[in-house]
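Asker: Just passing along the structure, written as structure tokens.
Where a number appears in this text, it was derived from the coordinates with a stated rule and is not lab data. Please read all numbers here as calculations on a predicted model, not as lab measurements. Cβ placement follows ideal geometry from the backbone for every residue including glycine, while neighbour counts extend to all protein chains displayed.
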Amino acid sequence: MWYAGLIRVLVQLLGRSLRIRTDVDAMAAEALKPGRPGVIVFWHGSMLFSWWWFRCRNGAALVSRSKDGELLARVLSGWGYRLVRGSSSAGGKDAMKLMEDAVGHGYRMCVTPDGPRGPRHVMKMGAVRLAQKTGVPLLLFAVGFKSYWSLRSWDGFQIPKPWTKAIVMIRCIPIEELAPENGDLEPVRQEISRRLNEMNDEALRLARETR
């Protein structure tokens, strides 16, 4: 797949053209220091920019063994990601074990929690459970573009237009919040999903208001 390299170059040029402003809370900044593992979540529709943003930052990615997955694997490997080949929808327990191993070796596991098939912007439990099991912070990543193309796909896949303004927001969910006394993670999942949606809305609002 020679065009995987072309895709990387094109996305790199696009990313460098953007006018990016970041909003990172103190806990997230601490968790993102070099050598610290974690679990990073972003919505499936914003993954083009998100994968690019976390390139060469000790990231790991769960990628299916499908034909589309093979293309993504080649793009991500060129950006320095450790690849975890498997599927969260088929053989989920095996995928979880592979992701746990990656985090245990010091990687930041990047997860699209509404993938691979939706529902859009509804978080599944996997990322929450992964962070809890491995005892690492959960980082929420949202991006809003002033101007972008949106594909007619289930996830509303976003491609920012060159030279547009982008607002990046990163928030940290500390380990303590991932370990409720009663052991029930469902309210935690719902709350984190709500927070990530709020961040997405806020990033989009700020991007549109910025000249």
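Asker: Tell me what the chain gives for mean residue ellipticity at 222 nm when only DSSP H runs of n ≥ 4 count, each as -39,500 (n - 2.57), the sum divided by the residue total, rounded to 500 deg cm²/dmol. Don't skip to the end; give the middle numbers.
Answerer: Values: 7 runs with 86 residues, N = 211.
Estimated from H runs of four or more residues: -12500 deg cm²/dmol.
Asker: Treat each spin label as a single point 7 Å out from the Cα along the C-beta direction, and report the residue 22 to residue 163 distance in nm.
Answerer: 2.5
Asker: Does the range 142-189 come out rounded, prolate or oblate by the C-alpha gyration tensor, with a ≥ b ≥ c the root eigenvalues, rounded set by a/c under 1.5 and, if not, prolate when a/b is larger than b/c and oblate if not? Display every interim value, and only then the final one.
Answerer: Numbers: a/c = 7.15, a/b = 2.24, b/c = 3.19.
Cα axes put the range 142-189 in the oblate bin.
Asker: Could I ask something else about it? What spacing in nm lies between the two simple spin-label points modelled at residue 120 and residue 100, each 7 Å away from Cα in the Cβ direction?
Answerer: 3.4
Asker: What's the extension gain from residue 12 to residue 33 if we count 0.36 nm per residue and subtract their Cα-Cα distance? Working shown, then result.
Answerer: Values: separation 21, 0.36 × 21 = 7.56 nm, distance 2.31 nm.
My answer for the length gained is 5.3 nm.
Asker: Could I ask something else about it? Which whole-number percentage describes the relative contact order of the range 26-209, with Cα contacts under 8 Å and a sequence gap of 6 or more?
Answerer: Relative contact order comes out at 26 percent.
Asker: Run the quick spin-label model on residue 133 and residue 191: label points 7 Å from Cα toward the beta carbon, then report their separation in nm to one decimal.
Answerer: Calculated label separation equals 2.2 nm.
Asker: Right, another one. Of the beta bridges DSSP finds with both residues in the chain, what % are antiparallel, to the nearest 5? List each step's numbers first, then the result.
Answerer: Values: 11 of 31 bridges.
The answer is about 35 percent antiparallel.
Asker: Is any residue of the range 99-139 close enough, with backbone N under 12 Å, to a label point placed 7 angstrom from the Cα of residue 179 along the Cα-Cβ axis, and if so, which?
Answerer: 132-137, by backbone N distance to the label point.
Asker: Quick one: putting +1 on the C-beta of Lys and Arg, -1 on the C-beta of Asp and Glu, what dipole do you get for the range 10-123 around its Cα centre, in Debye to the nearest 20?
Answerer: Details: 17 positive and 9 negative charges, 61 e Å.
The dipole magnitude comes to about 300 debye.
Asker: When only alpha-carbon atoms count, how far does the range 120-200 stretch along each of its three principal axes, as whole angstroms with the largest first?
Answerer: For the range 120-200, the Cα spread along each principal axis is 46, 23, 20 Å.
Asker: Let me ask something additional. Please express the shape of the chain as an equivalent ellipsoid: the semi-axes are the square roots of 5 times the eigenvalues of the C-alpha gyration tensor, given largest first in whole angstrom.
Answerer: Details: eigenvalues 124, 90, 53 Å².
Over the Cα atoms of the chain, the ellipsoid semi-axes are 25, 21, 16 Å.
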